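Read-outs: derived from the displayed coordinates by stated rules, not from any lab. From a predicted model like this one, the values you see are computed outputs, not experimental measurements. Don't worry about glycine lacking a Cβ; one is built from the backbone with ideal geometry, like all the others, and counts go over all protein chains shown.
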Amino acid sequence: MYLKLLIALFFVSHLSAQEAAGKKVFETYCWGCHHQTSEAFGPPFTQIANKRTFEEIQAYIIDPESMYKAFGYKRTVMTKLKLTDQEREEIARYVLSYKGK
Ligand code: HEC
């Protein structure tokens, strides 16, 4: 009984901690060019989340230069960002949290 409650609480706090971490990466590295739900310099996260996977989002962050053609762009102006593996996973999850929004 209490154990179930504890487990549930753990998951809820774990999830929101992850979301907060992703948001921080977003504000630090992406916000100048991407917004969550509206078109900015780059496409909104809602649009990205509806057509890309966790792996594709990370691949684009690692090297836009080698990915832009496959993604249907004629050129790329996105900066090559130096994120840690963890930051990249957090931001990819954060982008995907806008799926269907
Ligand atoms: C200097 C501006 C800039 C920054 C900073 C930037 N982006 Fe981008 N991004 C763009 C633009 C513009 C595009 C459209 C294609 C291109 O130019 O590469 C794009 C494209 C993308 C795509 C591919 C879109 C698709 O078609 O699926 C992803 C994924 C992406 N950005 C994620 C991110 C994330 C996550 C961050 C932060 C870690 C980030 N970008 C930071 C400008 C930027």
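Side notes on the structure shown:
- Residue count, the range 43-84 (criterion: closer than 18 Å to residue 29 by Cβ, among the charged types (D, E, K, R) and within 8 Å of the ligand (Cβ to nearest atom)): 2
- Single condition residue 48 does not satisfy, out of (1) closer than 21 Å to residue 99 by Cβ; (2) in contact with a His (Cβ under 9 Å, 6 or more places away or on another chain); (3) assigned to a loop (DSSP other than H, G, I, E, B): (3)
- For first residues located in the range 9-30 and under 12 Å from residue 87 (Cα atoms) and in contact (Cβ under 8 Å) with a residue 60 or more places away in the chain, partners that are among the polar types (S, T, N, Q) and not in a helix (DSSP H, G or I) and lie 6+ apart or on another chain with Cβ distances below 7 Å form the pairs 19/97.
- Condition check for residue 56: loosely packed, with under 11 Cβ neighbours inside 10 Å and closer than 15 Å to residue 90 by Cα: no
- The selection criterion, being in contact with a Cys (Cβ under 8 Å, 6 or more places away or on another chain), of a type outside the set (Gly, Ala, Ser) and not in a loop (DSSP other than H, G, I, E, B), does not hold for residue 57.
- Under the condition of being part of a helix (DSSP H, G or I), surrounded by fewer than 17 Cβ atoms within 10 Å (Cβ to Cβ) and of a type outside the set (D, E, K, R), the residues counted in the range 60-97 number 4.
- Conditions (1) in a helix (DSSP H, G or I); (2) within 15 Å of residue 98 (Cα to Cα); (3) among the β-branched types (Val, Ile, Thr); (4) more than 10 Å from the ligand (Cβ to nearest atom); number of the one not met by residue 37: (1)
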